[in-house]
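S.K.: The structure's right below; bear with me while I get my questions together.
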Amino acid sequence: MSKIKVLAVDDEPYLLDLTKIFLENDPRIIVDLAGSGQEALSLVGTTFYDCLISDYQMPTMDGLELLKALRSSGWDVPFILFTGKGREDVAVNALNLGASFYLQKGGGVEAQFTELANMVRRSAEIYRSKRELEESENRFRNLLQQSSDFILIIDSEGFINYCSSSVKRILGCCEEEMLGKNVFDLIHPGDVEEMRARLDHVKRNERRGDPVEFRMLTASGECSPMEAVGSNMLNVPSVEGLVITVRPITERKKAENDLRESEETYRTLFEQSPFPIALCALDGTFVDVNEKYLQIAGTKKESIMGKGAMELGYVGPKDFHIISEAFLDGEGVIDQHPVDIGSPGGEVLKMLLSSRLIKYRGEPHIINVLNDVTDLIRAQEALELKNEELNEERNRLQMITDQSPGVV
């Protein structure tokens, strides 16, 4: 326990000194002194105390007047009336005004101050426990108010006995409006049957912690997607209900829909592309290929999934090394890199390879797009061959012309 800060108030200085000496025999207690009620009011306005000890009979302001002034200002720290007056009405008034203890002066000094020290320790312990509980409740309340979830406590039939205040921000209605309602009246009719079945599971302590998605009606009458988790606390005296934590998942559902649409778009582009496309893991093994790729490979998808292009003989070791180096040098980019791809019939196809590093299902992958330029290269080669033949014919004719004795 940390130090107990005490303020002792008395108009007799020697009694103040005596109180300080005896109480500070306990190293956990620190005592400040005030010679009047007015001085005490000034001190409590600037210093925190765990306990205040006051004499009753003092000029200008007596102990009860001091207590009354403190309590009327909202000051709730323990107050001990330590007085030589033995009147019963003083003790009753002190307790009625909110004093924690009343101790009469007189008798053995050591026994008297020992009892006073015990009162101080008990008062401080109770007060600190109360403050910690209040702070804990305030933290919990603030967390609930600011939480993106709201909590319901319902009975076994679904009637709401408690609702956290964060429901106002989520559903648009305050907690008072929720009390006494049946939770199934707030659920979309299409989801009620499923939610009743889930509630039965919770009551039987089955599938605890399993979230369930459903649609809930807001104050404006709209349906909002929610996720709920239930816990059976019917046998807990302070709860006596089913605790349901409800979380709005509108943003999550939107993200899921966006992702699904994005994946559908990707799949459409992937499958209908006129170019052969292969999705590979970082080690080069095939994760997915489109129909165009299967056509040039002359095989089925299941025959190549999980295998590498070099393992399948599509790319030779030399080309694979060159492609890997180009990919690394380009920091995950290859543009129009020439590569030879072996076809099932033994034909070597001329391709231009473009590769990019992408994220696929949260992991890095390589997307490879091939451009088959075999026919183009063959046409270029045929054209070059024809040009060579034409050049040879032209040279031959030129030679005939040059060597002819007549006019050509």
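S.K.: Within the chain, what's the longest stretch lacking GluC sites (Glu not before Pro) that sit in DSSP loops with no more than 15 other Cβ atoms inside 10 Å?
M.R.: Working: sites that count: E24, E157, E206, E222, E240, E311, E331, E347.
Between exposed loop sites, the widest span is 25-156.
S.K.: Another question, then. What number comes out for accessible area per residue over the chain if the probe is 1.4 Å? Units Å², please. Kindly include the intermediate steps, with their values, before the conclusion.
M.R.: Details: 23840 Å² over 408 residues.
Per residue, the chain has 58 Å² of solvent-accessible surface.
S.K.: Further question: Considering only the other residues whose Cβ falls under 11 Å of the Cβ of F22, what net charge follows from Lys and Arg at +1 and Asp and Glu at -1?
M.R.: Local net charge: -4.
S.K.: Rounded if a/c is under 1.5, else prolate if a/b is larger than b/c, else oblate: which is the range 99-255, with a ≥ b ≥ c the root eigenvalues of its Cα gyration tensor? Each step should come with its number before you reach the end.
M.R.: Values: a/c = 3.63, a/b = 2.76, b/c = 1.31.
Here the range 99-255 falls in the prolate category.
S.K.: Normalised by the number of residues in the chain, what is the relative contact order in percent for Cα pairs under 8 Å and 6+ residues apart?
M.R.: 7 percent
S.K.: Give me the number: length gained by fully extending E134 to R267, i.e. 0.36 nm times residue separation minus the C-alpha to C-alpha distance, one decimal in nm.
M.R.: Computed gain between E134 and R267 is 42.2 nm.
S.K.: Which one is right for this structure if log10 I(q)/I(0) by the Debye sum over Cα atoms at q = 0.08, 0.14 Å⁻¹ is calculated from it: (i) -0.57, -1.28; (ii) -0.50, -1.54; (iii) -0.78, -1.07?
M.R.: It is the value labelled (iii).
S.K.: Could you pull out every one of the lysines with an alpha carbon less than 22 Å from that of K68, ignoring same-chain neighbours closer than 8 positions?
M.R.: Once the sequence-local lysines are set aside, what remains near K68 is K5, K85, K105, K130.
S.K.: Oh, and also: List the trypsin sites (Lys or Arg not before Pro) within the range 177-243 that fall in a DSSP loop (any state other than H, G, I, E or B) and whose Cβ has at most 16 other Cβ atoms within 10 Å.
M.R.: K181, R204, R207, R208
S.K.: Give me the net charge of F214's neighbourhood, meaning all other residues with Cβ under 9 Å from the Cβ of F214; Lys, Arg count +1, Asp, Glu -1.
M.R.: -2
S.K.: Taking 22 Å as R0, compute the FRET efficiency from the Cβ-Cβ separation of K301 and F275 and round it to 0.05.
M.R.: The value I calculate is 0.85.
S.K.: Moving to a separate point now. Report, to the nearest 10°, how far helix 250-272 tilts away from the longest principal axis of the Cα atoms in the chain, using its own Cα long axis and a range of 0 to 90°.
M.R.: 10 degrees
S.K.: Just grab the label-to-label distance for E325 and E388, each label 7 Å out from Cα along the Cβ direction, in nm (one decimal).
M.R.: Result: 2.9 nm between the two label points.
S.K.: Filter the trypsin sites (Lys or Arg not before Pro) in the range 252-335 to those in DSSP coil with at most 12 other Cβ atoms within 10 Å of their Cβ, and list the result.
M.R.: K300
S.K.: May I pose another question? Enumerate the lysines that K386 could reach by cross-link, defined here as Cα to Cα under 29 Å, with residues fewer than 8 away along the same chain left out.
M.R.: Within the straight-line cut-off, K386 pairs with K350.
S.K.: Sort largest first and round to whole Å: the equivalent ellipsoid semi-axes of the range 7-166, each the square root of five times a Cα gyration tensor eigenvalue.
M.R.: 40, 16, 16
S.K.: When only DSSP loop residues count, what chymotrypsin sites (Phe, Trp or Tyr not before Pro) in the range 1-96 have their Cβ near at most 10 other Cβ atoms within 10 Å?
M.R.: F48
S.K.: On a 0 to 90 degree scale, rounded to 10, what angle separates helix 109-146 from the longest Cα axis of the chain?
M.R.: 30 degrees
The values are calculated or read from the model by the stated rules, or taken from the named source; none is laboratory data. Every value quoted in this text rests on a predicted model; they were computed, and no experiment measured them. For neighbour counting, all protein chains shown are included, and Cβ atoms are generated from backbone atoms with ideal geometry for every residue, glycine included. The protein model used for the area step is the full one, side chains on, heavy atoms only, and it has no ligands, DNA or RNA in it. Shrake-Rupley method; radii C 1.70, N 1.55, O 1.52, S 1.80 Å.
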